[in-house]
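Read the structure below first, then the notes.
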Amino acid sequence: MNLCECFRCITCGTEIDCRIGMSNRDVQPFQFACPKCEERISFVFGQADAELQGAEKVEGFEAPFKGEKPFVDLHLDFPVYVGKYKMGMTTFLRVTQELGMGAYSHLNQRLHMLNYLHPVQRDLFSLITQYKMR
């Protein structure tokens, strides 16, 4: 699933079109830099106390993007893309085209492991801190 948002940088006022690709994890932290002034813009999905920092949402924004503003494509599992908006060219499609399906399959195995381990991260931290080398 993808969400389309428009953010206004609190430092320079630049409006940024942003497509956010959702991952399978419960908590999803996102961060990118304003394309004009490099102000850090961040937010977290899945945490009640997490708030948008470095920008504000543009109220009344209606998708789809028109390509007139700077565009940022975010996905938790892939690199941030800053460039020209092209409808339908999601981060997932861009990455699979650049890597090829064989390399993407290998990456997908690693992402699946992250999704599997995320719910038990407290147990893993506890186990690691209690392990003693002899």
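Laboratory data are not the source of any read-out in this text; all were calculated from the coordinates shown. Since the model is a prediction, treat every value here as computed from it, not as a measurement. Every residue, glycine as well, gets a Cβ built from its backbone with ideal geometry; the counts of neighbours run over all protein chains shown.
Of all DSSP beta bridges in region 5-71, what percent run antiparallel (nearest 5)? Show your work: numbers first, answer last.
Values: 14 of 15 bridges.
If we restrict to bridges inside region 5-71, about 95 percent are antiparallel.
Where does each of I10, I20, I41, I128 land when they are ranked from fewest to most other beta-carbon atoms within 10 angstrom? Before the final figure, lay out each step's value.
Details: I10 15, I20 19, I41 24, I128 8.
Ordered by Cβ neighbours within 10 Å, fewest first: I128, I10, I20, I41.
Can you figure out the FRET efficiency of A33 with D123, using R₀ = 41 Å and their beta-carbon distance, to the nearest 0.05? Please report the intermediate quantities before stating the final value.
Numbers: r = 35 Å, r/R0 = 0.85.
Step by step, r from the Cβ atoms, then E = 0.75.
With a sphere of radius 10 Å drawn around the Cβ of H75, what net charge do the other residues whose Cβ falls strictly inside it have (Lys, Arg +1; Asp, Glu -1)?
Details: positive: R19, R94; negative: D73, D77.
Net charge around H75: 0.
Which of P64, S23, G83 sits farthest toward the positive end of the charge dipole of region 1-91, with +1 on the Cβ of Lys and Arg and -1 on the Cβ of Asp and Glu?
Final value for the positive-end residue is G83.
In whole Hz, what ³J(HN,Hα) sequence does region 55-71 give by Karplus (6.51, -1.76, 1.60; θ = phi - 60°), x for Gly and Pro?
Along region 55-71, the couplings run 7, 10, 6, 7, 6, x, 5, 10, 7, x, 5, 9, x, 8, 10, x, 10 Hz.
Only one of the values (1) 60, 38, 24; (2) 53, 41, 32; (3) 43, 32, 26 was calculated from this structure for Cα extents along the principal axes in Å; name its label.
Computed from these coordinates, Cα extents along the principal axes in Å corresponds to label (1).
Hey, if you put +1 on the Cβ of every Lys and Arg and -1 on every Asp and Glu Cβ in the chain, which of L99, L3, G46 ends up farthest toward the positive end of that dipole?
The residue sitting most towards the positive pole is L99.
Only Lys, Arg, Asp and Glu count, each charged at its Cβ (+1, +1, -1, -1), so figure out the dipole size of the chain about its Cα centre, rounded to 20 debye. Walk me through the numbers before you get to the answer.
Numbers: 15 positive and 16 negative charges, 115 e Å.
Dipole magnitude for the chain comes out near 560 debye.
May I ask you to sort T14, T129 by Cβ crowding, counting other Cβ atoms within 10 Å and putting the fewest first?
Details: T14 16, T129 8.
Fewest-to-most ranking of T14, T129: T129, T14.
Please give the Cα centre distance for region 90-131 versus region 56-88, rounded to the nearest Å.
Rounded to whole Å, the Cα centres lie 24 Å apart.
Suppose only helical runs count, i.e. DSSP H with n ≥ 4. What mean residue ellipticity at 222 nm does that imply for the chain under -39500 (n - 2.57) per run, divided by all residues and rounded to the nearest 500 deg cm²/dmol?
-8500 deg cm²/dmol
Taking other Cβ within 10 Å of each residue's Cβ, how do R19, R8, R122 sort, fewest first?
Working: R19 22, R8 17, R122 8.
Arranged by neighbour count, lowest to highest, R19, R8, R122 become R122, R8, R19.
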